[in-house]
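Here is the structure we will look at.
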Amino acid sequence: MVPFEVIASHPDFVVAHKPAGVSFHSEEESGFVALLAEQLGEQLYPVHRLDKVTSGLLVLARSSHAAARLTELFTNRAVDKFYLALIDSKPKKKQGWVKGDMAKSRRGTYKLLTSQDNPAVTRFYSASIAPGLRACLLKPYSGKTHQLRVALKSLSAPILGDVSYGGNEADRVYLHAYCLSFEWGNERMTFYALPQGGAQFAELADTEVMQSWAQPRELEW
């Protein structure tokens, strides 16, 4: 297997790029955490996760102490996370909030409810990048399973390739963890990784839209 790309190496953690289609935890075969630990020759501690179909940035701690601190940051919503997605249908709205409780649906999927007792909260922007193709920049304010996939499905615009949620078939699910930012030791740490796999993501790379999203924390959220 081609080595995973390490975006940043810090004494307390590593930031690496998980390809789409690689499981986070080991299932029938070794998952991303185990494979990266083997690649680096050290024990790593997961502090958050990505779906198998999602590519992009993951932080893994290098000690149990760092893992506890990082887990606290994620739990307290002190980590800014930004995702890129592609959709090929017109959403009910082009930007704004998606809020609602989530409940299990069929075949391992989830659905968005109108109630807001413990809601999934997402804000997003979108822009056309080609005829029939829109890019979305999403910021989740909660950490629910399949949250972003369900959010876009609820807008009648499932992610391209996300067949489980009604998306059209494609060479991958077009969802990518693009940017992570958090405070560590009184310093703001911000990491980026552009999508690497997927023919349609190539459409996004050099667009004015992507240039305007180059520093997502600077946008109005």
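Amide H contacts under 5 Å for LYS52: PHE24, restricted to partners 5 or more places along the chain or on a different chain, H placed in the peptide plane at 1.01 Å from N.
Proximity of backbone amide H atoms, modeled 1.01 Å from N, is registered between MET189 and PHE182, GLU183, TRP184 at under 5 Å, excluding neighbours fewer than 5 places apart on the same chain. Karplus-based coupling profile of the stretch 178-186, in residue order and whole Hz: 8, 8, 10, 8, 7, 8, 9, x, 6, with θ = phi - 60° in 6.51 cos²θ - 1.76 cosθ + 1.60 and x standing for Gly or Pro. Taken about its Cα centre, the chain carries a charge dipole of about 1020 debye when Lys and Arg each add +1 at the Cβ and Asp and Glu each add -1 at the Cβ. Between the amide H of ALA120 and those of GLY100, ASP101, MET102, distances stay under 5 Å, these residues lying 5 or more places away or on another chain, with hydrogens modeled in the peptide plane. For the chain, build the charge dipole from Cβ charges (+1 Lys, Arg; -1 Asp, Glu) around the Cα centre, then report which of GLY21, LEU84, GLY41 sits farthest towards its positive end. Of GLY21, LEU84, GLY41, it is LEU84.
Note that the stretch 100-107 has calculated 3J(HN,Hα) couplings of x, 5, 10, 10, 5, 10, 9, 6 Hz, one per residue in order, obtained from phi through the Karplus relation 6.51 cos²θ - 1.76 cosθ + 1.60 (θ = phi - 60°); glycine and proline are x. Model label sites at GLU169 and LYS111, defined 7 Å from Cα along the beta-carbon direction, differ in position by 2.6 nm.
Each other residue within a Cβ distance under 12 Å of LYS104 adds +1 if Lys or Arg and -1 if Asp or Glu, for a net charge of +3. In order along the stretch 8-24, the Karplus-derived 3J(HN,Hα) couplings, from 6.51 cos²θ - 1.76 cosθ + 1.60 at θ = phi - 60°, round to 8, 10, 10, x, 9, 7, 10, 10, 9, 9, 8, x, 4, x, 9, 5, 6 Hz, and Gly and Pro are given as x.
Legend: calculated FRET efficiency, ALA130 to MET189, from the Cβ-Cβ distance at R0 = 25 Å, rounded to 0.05, equals 0.15.
Taking each of LYS52/LYS92; LYS94/LYS144; LYS52/LYS144; LYS52/LYS104 in turn, the alpha-carbon distance tops 25 angstrom for LYS52/LYS92. Spacing of the modelled spin labels on GLN211 and ASN76, each 7 Å from Cα toward Cβ, amounts to 3.9 nm.
Read the figures in this text as sums done on the coordinates, not as results from a lab. Computed from a prediction, not measured in an experiment: that's the story for all the values here. Reconstructed Cβ throughout: ideal geometry from the backbone, glycine too, with neighbour counts over all protein chains shown.
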